[in-house]
Amino acid sequence: KQEVTQIPAALSVPEGENLVLNCSFTDSAIYNLQWFRQDPGKGLTSLLLIQSSQREQTSGRLNASLDKSSGRSTLYIAASQPGDSATYLCAVILAGGTSYGKLTFGQGTILTVHP
Amino acid sequence: ETGVTQTPRHLVMGMTNKKSLKCEQHLGHNAMYWYKQSAKKPLELMFVYSLEERVENNSVPSRFSPECPNSSHLFLHLHTLQPEDSALYLCASSLRGLATGELFFGEGSRLTVL
């Protein structure tokens, strides 16, 4: 059974810092990995999708890397801003089968960026 | 209107009530999903529909009944719920199966069962 772990569970940083969020998964047979952001009481917003054949994806101040063999992904946020405060979730799609249901989420990292 | 839209955003119901959650996607996607998000637990997949056919049913109690009349609309019918069913219910869609496609979520319907 695929398990996804995110570390740290919570992170508080001053504005302007660069930071790294970690995601690890137990089964490396994945199709892809997706990072999401969730604001309190809201739905999830897709940030980055990394296919299993890729090593990293970038979008603005965000960079996500994937090391499938070691079962790890990192989300790097450069020059953090208070508006980045949210819960960040990673999810992996297990390869094989229909692929519709094998999306496993971590419990998230709660990020607070204070001015 | 674009994206994935869920209504109502908030719902309070008694244990004997019958209500429905609605999801609509304007992305031209073929697959739609219901997820449940409870406090301090990872998201749990409930149901998946692909081209209006249910392809996943994740051992969800029968008091939750999904309906997908077409590829743009998804409903979750609720009846005789329990207080532990209180949660944020999230609808999502993808162009195809998740092997190649991103998952796009709605804002969620916050359900409270009294």
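Here is how the numbers come out for the structure above:
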{"item": "Subset of segment B:78-112 that is within 22 Å of B:Arg9 (Cβ to Cβ), surrounded by fewer than 19 Cβ atoms within 10 Å (Cβ to Cβ) and touching a residue at least 60 places away in the same chain (Cβ under 8 Å) - its residue that is farthest from the other protein chains (Cβ to nearest Cβ)", "result": "B:His79"}
{"item": "Inter-residue pairs, beta-carbon under 6 Å, first modelled with pLDDT of 95 or more and in segment A:51-64, second of a type in the set (Phe, Trp, Tyr) and part of a strand (DSSP E or B), 6+ apart", "result": "A:Asn63/A:Tyr76; A:Ala64/A:Trp35"}
{"item": "Which listed residue, of B:Met13, B:Met46, is touching a residue at least 60 places away in the same chain (Cβ under 8 Å) and touching a strand residue (DSSP E or B) at 6+ places or on another chain (Cβ under 6 Å)", "result": "B:Met13"}
{"item": "Some residue of segment A:51-58 being polar (S, T, N, Q) and under 18 Å from A:Leu111 (Cα atoms)", "result": "no"}
{"item": "All positions within segment B:15-43 that are within 12 Å of chain A (Cβ to nearest Cβ), surrounded by fewer than 15 Cβ atoms within 10 Å (Cβ to Cβ) and modelled with pLDDT under 90", "result": "B:Ala39, B:Lys40, B:Lys41"}
{"item": "Residue within segment B:10-18 that is outside any strand (DSSP E or B) and within 13 Å of B:Ser94 (Cβ to Cβ) present", "result": "no"}
{"item": "Residue in segment B:48-77 that is nearest to the other protein chains (Cβ to nearest Cβ), counting only those that are in contact with an Asp or Glu (Cβ under 8 Å, 6 or more places away or on another chain), crowded, with 17+ Cβ neighbours inside 10 Å and farther than 20 Å from B:Arg9 by Cβ", "result": "B:Val48"}
{"item": "Residues of segment A:56-97 classified as out of contact with any Leu (no Cβ under 9 Å at 6 or more places or on another chain), among the hydroxyl-bearing types (Ser, Thr, Tyr) and within 14 Å of chain B (Cβ to nearest Cβ), total", "result": "0"}
{"item": "Output for segment B:40-92, where each listed residue is closer than 29 Å to A:Asp39 by Cβ and assigned to a loop (DSSP other than H, G, I, E, B)", "result": "B:Lys40, B:Lys41, B:Pro42, B:Leu43, B:Asn58, B:Val60, B:Ser71, B:Ser72, B:Leu81, B:Gln82, B:Ser86"}
{"item": "Members of segment B:19-39 that are in a loop (DSSP other than H, G, I, E, B), closer than 18 Å to B:Glu84 by Cβ and polar (S, T, N, Q)", "result": "B:Ser38"}
{"item": "Matching residues, segment A:30-77, being outside any strand (DSSP E or B), hydroxyl-bearing (Ser, Thr, Tyr) and surrounded by fewer than 16 Cβ atoms within 10 Å (Cβ to Cβ)", "result": "A:Ser53, A:Ser69, A:Ser70"}
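The values are calculated or read from the model by the stated rules, or taken from the named source; none is laboratory data. What you see is a predicted model; the values in this text were computed from it and never measured. Neighbour counts are summed over all protein chains in view; Cβ atoms, including those assigned to glycine, are modelled from backbone coordinates with ideal geometry.
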